[in-house]
Amino acid sequence: MKDSNKTKICKYCKSEISADAKICPHCRKTQGGKVKWIVLGIVGFFVLAAIIGGGSDQDPKKVEVAASETTVATDNVETTEETEKATEKATEAAKDSFGIGDIADFNGVQVRLSSVRISNGDGQFWNPEEGKYFLGLVFDIDNQSSHDIGVSSLISFEAYCDDYSLNQDIMGAQVPEWKGIGQLDGSVAAGKKMSGVICYQVPKDFNSFEIRYSPSFWGNKKATFVFTKADVEAQAR
């Protein structure tokens, strides 16, 4: 009788799974670690059979060709495994990068960059520095988790414009474009939502902007929202 308690480690997500599992129930990857050796065994068998069957009359060139085919088959298996790993890494990286309108989910806490707008200020009291815009990012946070969360525009967000770090500009949130929208600060009870704007001053000729949101100051998980000036202008049309 097989021991149903035997387990193994998934070579992709490193989760503990049943030793008999051919597909990981967590990442849904096929556990094909033995493919390489199976291919080697099959090809090697036919090479050996060819040598034995031909006896002393075996053509050395044919043996050389068979050995070469074995090497090619092995290289193809290795290349396939490397491709799968590269694809998996790219997929994982893509999960952490989002654009305008996309939603990042942190175990039920859904964060969406709903809109981004540029402002020249109100022309009286709230105006950006010479050669700059106010850039306002409106986020929607939907807390569908089982616990309350805290949101801080200062601690939860980290912004970069053309790779340069930026501090938020509280004054920019006062312009008419974001009238009636609060700041991204406060607590969100389980099952409740928050919508707010966070503003920065950026050069008028800026190219790209990224802002990283982290649900916990002590956690390592972050979602990065990335967009360009062209994306903002397209949204405004």
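The values are calculated or read from the model by the stated rules, or taken from the named source; none is laboratory data. Remember, it's a predicted structure, so these values are computed and weren't measured experimentally. No Cβ is skipped: glycine too gets one built from the backbone with ideal geometry, and neighbour counts run over all protein chains shown. Surface accessibility is based on the protein's heavy atoms, side chains included, excluding ligands, DNA and RNA. Shrake-Rupley method; radii C 1.70, N 1.55, O 1.52, S 1.80 Å.
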For the stretch 178-237: rounded, prolate or oblate by the Cα gyration tensor [a/c cutoff 1.5]: oblate
So how do 22-29, 133-140 stack up, highest first, on mean other-Cβ count within 10 Å? 133-140, 22-29
By the Cα gyration tensor axes a ≥ b ≥ c (a/c under 1.5 gives rounded; else a/b larger than b/c gives prolate, otherwise oblate), the shape of the stretch 96-235 is prolate
In the stretch 154-236, GluC sites (Glu not before Pro) in a DSSP loop with at most 13 other beta-carbon atoms within 10 Å: none
Return one whole number: the accessible area per residue of the stretch 134-190 in Å², for a 1.4 Å probe. 50
